[in-house]
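Visitor: For reference, the structure I am asking about is given below.
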Amino acid sequence: MIKAFKSVLISLGLIVLMTGAFVGRSEVSAQTSHLFRTYKHEVPQKLSETSEAIAEGKKVYEKRCWYCHGIEGKGDGPASKTMFPKPRNFTRNEYKVRSTAAGSVPTDEDLFRIVTSGIEGTAMPFWNTISETERWQVIYYIKTFNEQFKKDTAPKVVSVGSVASTPDSIKRGQELFKEVKCYECHGEDGRGNGPLTVALQTEWNMPYRARDLSKSWNFKGGNATEDIYRTISTGFNETPMGSYLEKLSDEDRWHVAHYVKSLSKDMASDVVVKVKLSESEQLPIEPLDENWGKATPVEVPLAGQILASPRHWAPSIDAVMIRALYNKDEIAFLVEWDDSTNKQEEIFRDAMSLQFPTKIPESLKKPYFAMGDSSGAVNLWSWKAHWSEGFGSIASGAPETEAGAVIEMNAKGFKNIVTQPPESQNVTGKGIYQNGRWKVVMKRTLKTEDAKGDIQFEIGKLIPIAFAVWDGSNSDVAGQKSVSSWYYVSLEKPVPKTVFVYVLIAIVIGASIEMWFVARLRRFPPKLEEGQ
Amino acid sequence: MAKKRSKFLMIWVITAVICLFLFLKYASPKIFQVLMAKDHTMPTPSTLMMWYMIMGILAGLVYATTSNQKFADFLGFLLPGGGPTIKILLQKVLFIGFPVIVGWFVYSWAIPGAASPVELRIQHPTLPQEFEKLENPFRQTDAETQRKCIEEGKILFQTYCRPCHGSKADGNGPFSNSFRLRPINFQDPGTIATVVDNYVFWRIKEGGPGLPSESTPWDSAMPSWKDDLKDDEIWKIIMGEYDTAGVMPRQREKLE
């Protein structure tokens, strides 16, 4: 009897092993995409800086770097046309990530780290794909573009110990952030919306944007506290981001670094936006309503629209955060995104749109994610900020309510967009701009009369959703926008009471089988079999 | 000692299964993080976890049945009396624990969870007929012209394709995170290295919208370049693309 049992077990095991290996493969490969690059600190043994090394470096440069950085290192390579920010001009000292004082050239190690790590959000790739020797060689070569490397014996910034991150230290950092006027560029909440940034962008037409400190995955010089400390100490050459070596004591720079670190959050990315059932009669219509706290946020990275001309190579909005709630009649979405200004012009307005297919797809097939296509129409809920002469100048402080205008549209491709007639306009909405962030609510009934043009929400189904955002101050309009591919919303089914009945039944069955088995075992103990 | 051990065989097997669970759940994500030099932990996928657990339990049962003596000891644990208080305690835990675990399983299956989307697709569908006969006009030219074409192609690639496919053609451009169907990593030997030149020509010209439905054209961010790039430019881009990625196109089979 045992033998038979055993052979069944073994063959079962083999089958499981084979299927297991197969399933495992496909799932692991789906997992490997990791979103953002990081600043790598390790530097190996240096290569000596000989003329042969420089000559070898020239070869590497003229194979891998020149078409961006230019054959003469001037940052004007033939491929730089669609790049923002532009590639580094090596003939000037505009090095950003350094451990040396403002105006000095970086050390060889600094260059090694940045060449190895690349620069997130820009065209600059990470070059850990070429050998360490090649990296040293090309670094020695790019140094020859600038005489200053010969003159400066780069003075290192010395860090004196470190200060532990405590609530007190963060609080002190916050005070200093005000005192030394970081907020003038980076804004009250660090979203890159300070008044100076706004002036830089809109009045002086300068390309600089102060970094959004809440998105530390975009930090060019790394987002560990030591990296932030180094950035504050040394500044970025030839950008508004100055050095605070003189203005702040060593300890104070650590406090500020801890504060900056405390502002940053992780990107809560997910594929399905889970819509929670709300018990209340009315869904929130105010963007600042505390009931939004009950919904789980999902963050979605955005890209410039470069699928069709005119292409948008330099978008300024790189993510949206979305939350949603529903009750028995309605569904409401809260969409938030960081935008350094709410400045806009008559045609260039801050705007956002949600896109759904007009029908919940029954199979895999969906409309084309970019505005649908001739065989699949989409339903667009589009919100546009209000505009009037001289509007949108408040950069921080009190929230500015801009109800804006919501319209519903249908599209079958970007050349075939129609606004729905007044009687089928049934989305309402409202936006608020505060401290560098837009918060926009859009709300509609779950079902509408216009079953042809409007998405009809159903509980428990996966409903495709896509996003688009326009930044007026970046001259975004029409096809010039930030976009995402399809994600999903799913209206969560409440846990039905019957589940508990099932669980109870399962426990009873489990317990009875167990009792039967043990009782049988006790009546015919296994020892007997052995005694035969 | 040996006697005592065999008496608790069932407990040892159960402990081993629990250890396996803890290992998969907590230790292995960290170990893989270190091994693969990732910046984040690598959680074991849930189906994989399920299979490993089934295998673990089966292995435990196989072990318990390697000899009649073992099997008798294994089941013997459930017999009453004849042991220290700890045995009686563990017996009770087992008797209560089993139905609870069954109940928990049913609960986690029965609560409505959001289904996760299935997005199966075929990466390389068949090449449409009108593209089959095409040939890259620059592949047959002299070495000097070819070198120039590759250079021109690389520049075009950097200008138009880089934001998605990355400047090293590794699928890591700054926009790549935004598209859930990620831009293809051309260095991966399973991508453009497995197709012929004119296949790539078709993909660049017609883009995502040109794909048949088994390749989910609605999710593909690959633009159609036919309105913006001339055929010559596309052939050059292809040469620059293969060169940047460091791979070669598949050679065409000789037609009979």
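Visitor: Being more than 10 Å from every other protein chain (Cβ to nearest Cβ), assigned to a loop (DSSP other than H, G, I, E, B) and not basic (Lys, Arg): is that true of residue B:186 here?
Guide: When the stated conditions are applied, residue B:186 passes them.
Visitor: Select from segment B:206-256 the residues that are among the aromatic types (Phe, Trp, Tyr) and more than 17 Å from residue B:141 (Cβ to Cβ) and write down the one among them that is surrounded by the fewest Cβ atoms within 10 Å (Cβ to Cβ).
Guide: Across segment B:206-256, the extreme among qualifying residues is B:225.
Visitor: Further, regarding this structure: Against the definition (closer than 30 Å to residue B:67 by Cβ and in contact with a Gly (Cβ under 9 Å, 6 or more places away or on another chain)), how does residue A:510 come out, yes or no?
Guide: Criteria met by residue A:510.
Visitor: Kindly list the number of the only condition in (1) touching a residue at least 40 places away in the same chain (Cβ under 8 Å); (2) at negative phi that fails for residue A:131.
Guide: Residue A:131 satisfies every listed condition except (1).
Visitor: Which members of segment A:309-327 meet the condition of being in a loop (DSSP other than H, G, I, E, B) and under 13 Å from the mean Cα position of the chain (by Cα)?
Guide: Answer for segment A:309-327, where residues must be in a loop (DSSP other than H, G, I, E, B) and under 13 Å from the mean Cα position of the chain (by Cα): A:316, A:317, A:318.
Visitor: Now for a separate question. Within segment A:211-229, how many residues turn out to be more than 25 Å from residue A:246 (Cβ to Cβ) and not basic (Lys, Arg)?
Guide: Result for segment A:211-229: 5.
Visitor: Sticking with this one: Can you pull out every residue in segment B:92-148 that is open to solvent by 100 Å² or more (accessible area, probe 1.4 Å), outside any helix (DSSP H, G or I) and more than 14 Å from chain A (Cβ to nearest Cβ)?
Guide: Of everything in segment B:92-148, those that are open to solvent by 100 Å² or more (accessible area, probe 1.4 Å), outside any helix (DSSP H, G or I) and more than 14 Å from chain A (Cβ to nearest Cβ) turn out to be B:126, B:133, B:135, B:140.
Visitor: If you take the residues of segment A:242-251 that are part of a loop (DSSP other than H, G, I, E, B) and in contact (Cβ under 8 Å) with a residue 24 or more places away in the chain, which of them is nearest to residue A:169 (Cα to Cα)?
Guide: A:248
Visitor: Of the residues A:489, A:477, A:483, which is more than 8 Å from chain B (Cβ to nearest Cβ), modelled with pLDDT of 90 or more and open to solvent by less than 90 Å² (accessible area, probe 1.4 Å)?
Guide: A:489
Visitor: So, one more: Scan segment A:222-238 for residues that are out of contact with any Phe, Trp or Tyr (no Cβ under 6 Å at 6 or more places or on another chain) and assigned to a loop (DSSP other than H, G, I, E, B) and report the count.
Guide: Total satisfying the criteria: 5.
Visitor: While we're looking at this one, here's another question. State all residues of segment B:7-48 that are more than 20 Å from residue B:98 (Cα to Cα), in a helix (DSSP H, G or I) and open to solvent by less than 60 Å² (accessible area, probe 1.4 Å); if no residue qualifies, say none.
Guide: B:24, B:27, B:28, B:29, B:33, B:47, B:48
Visitor: Hey, another quick one. Within the set of pairs 6 or more residues apart or between chains, which connect a residue that is within 8 Å of chain A (Cβ to nearest Cβ) inside segment B:59-73 to a residue that is among the polar types (S, T, N, Q) and surrounded by 15 or more Cβ atoms within 10 Å (Cβ to Cβ) with Cβ atoms less than 6 Å apart?
Guide: Within 6 Å, the pairs are B:71/B:65.
Visitor: Among the residues of segment A:36-91, which ones are of a type in the set (Ser, Thr, Tyr) and part of a loop (DSSP other than H, G, I, E, B)?
Guide: Passing the criteria: A:38, A:39, A:48, A:50, A:91.
Visitor: If I ask for residues that are more than 7 Å from chain A (Cβ to nearest Cβ) and among the hydrophobic types (A, V, I, L, M, F, W, C), which ones from segment B:74-91 would you list?
Guide: Correct list: B:74, B:77, B:86, B:88, B:89, B:90.
Visitor: Still on this structure, I have one more. How about segment A:92-146: which of its residues are assigned to a helix (DSSP H, G or I), farther than 15 Å from residue A:65 by Cα and open to solvent by 20 Å² or more (accessible area, probe 1.4 Å)?
Guide: A:109, A:113, A:132, A:133 - these are the residues of segment A:92-146 that are assigned to a helix (DSSP H, G or I), farther than 15 Å from residue A:65 by Cα and open to solvent by 20 Å² or more (accessible area, probe 1.4 Å).
Visitor: Here is a further query. If you take the residues of segment A:252-308 that are among the acidic types (Asp, Glu) and part of a loop (DSSP other than H, G, I, E, B), which of them is nearest to residue B:220 (Cα to Cα)?
Guide: A:270
Visitor: Here is a list: A:509, A:465, A:417. Which entry is surrounded by 14 or more Cβ atoms within 10 Å (Cβ to Cβ) and not assigned by TED's automatic domain parsing to the domain that holds residue A:311?
Guide: A:509
Visitor: Among the residues in segment A:497-520, are any within 30 Å of residue B:183 (Cβ to Cβ) and more than 11 Å from chain B (Cβ to nearest Cβ)?
Guide: Taking every residue of segment A:497-520 in turn, none turns out to be within 30 Å of residue B:183 (Cβ to Cβ) and more than 11 Å from chain B (Cβ to nearest Cβ).
Visitor: Which one is least open to solvent (accessible area, probe 1.4 Å) among residues in segment B:49-91 that are of a type in the set (S, T, N, Q) and out of contact with any Pro (no Cβ under 9 Å at 6 or more places or on another chain)?
Guide: Applying the filter and picking the extreme gives B:65.
Visitor: Only one of (1) assigned to a loop (DSSP other than H, G, I, E, B); (2) touching a residue at least 24 places away in the same chain (Cβ under 8 Å); (3) closer than 22 Å to residue A:434 by Cα fails for residue A:174. Which number is that?
Guide: Failing condition for residue A:174: (1).
Visitor: OK, next. Mind listing just one residue for me: the one in segment A:157-178 that is among the β-branched types (Val, Ile, Thr) and crowded, with 17+ Cβ neighbours inside 10 Å and, of those, farthest from residue A:107 (Cα to Cα)?
Guide: Of everything passing the filter in segment A:157-178, A:170 is farthest from residue A:107 (Cα to Cα).
Visitor: Among the candidates A:111, A:176, which residue alone is away from every other protein chain (no Cβ under 14 Å) and closer than 30 Å to residue B:156 by Cβ?
Guide: A:111
Visitor: If only one of A:181, A:150 is assigned to a helix (DSSP H, G or I) and either at pLDDT below 95 or open to solvent by 20 Å² or more (accessible area, probe 1.4 Å) (or both), which one is it?
Guide: A:150 is the lone residue from the list that is assigned to a helix (DSSP H, G or I) and either at pLDDT below 95 or open to solvent by 20 Å² or more (accessible area, probe 1.4 Å) (or both).
Visitor: Within segment A:442-469, track down each residue that is of a type in the set (Lys, Arg) and outside any loop (DSSP other than H, G, I, E, B).
Guide: A:443, A:444 - these are the residues of segment A:442-469 that are of a type in the set (Lys, Arg) and outside any loop (DSSP other than H, G, I, E, B).
Visitor: What residue, of A:237, A:193, A:223, is of a type in the set (S, T, N, Q), in contact (Cβ under 8 Å) with a residue 40 or more places away in the chain, open to solvent by 50 Å² or more (accessible area, probe 1.4 Å) and farther than 30 Å from residue A:462 by Cβ?
Guide: Only one candidate passes the filter, namely A:223.
Visitor: Turning to a different aspect of this structure: Working carefully through the options B:86, B:31, B:18, find the one that is under 22 Å from residue A:506 (Cβ atoms), among the hydrophobic types (A, V, I, L, M, F, W, C) and either free of Cβ contacts under 8 Å to residues at least 60 places away in the same chain or not assigned by TED's automatic domain parsing to the domain that holds residue B:216 (or both).
Guide: B:18
Visitor: Tell me yes or no: at least one residue of segment B:181-203 is open to solvent by 40 Å² or more (accessible area, probe 1.4 Å) and touching a strand residue (DSSP E or B) at 6+ places or on another chain (Cβ under 9 Å).
Guide: No.
The values are calculated or read from the model by the stated rules, or taken from the named source; none is laboratory data. Owing to the predicted nature of the structure, the values given are computational and were not obtained by experimental measurement. Using ideal geometry, Cβ is built from the backbone for each residue, glycine included, and neighbour counts are taken over all protein chains shown. For accessibility, only protein heavy atoms count, side chains too; no ligands or nucleic acids. Shrake-Rupley method; radii C 1.70, N 1.55, O 1.52, S 1.80 Å.
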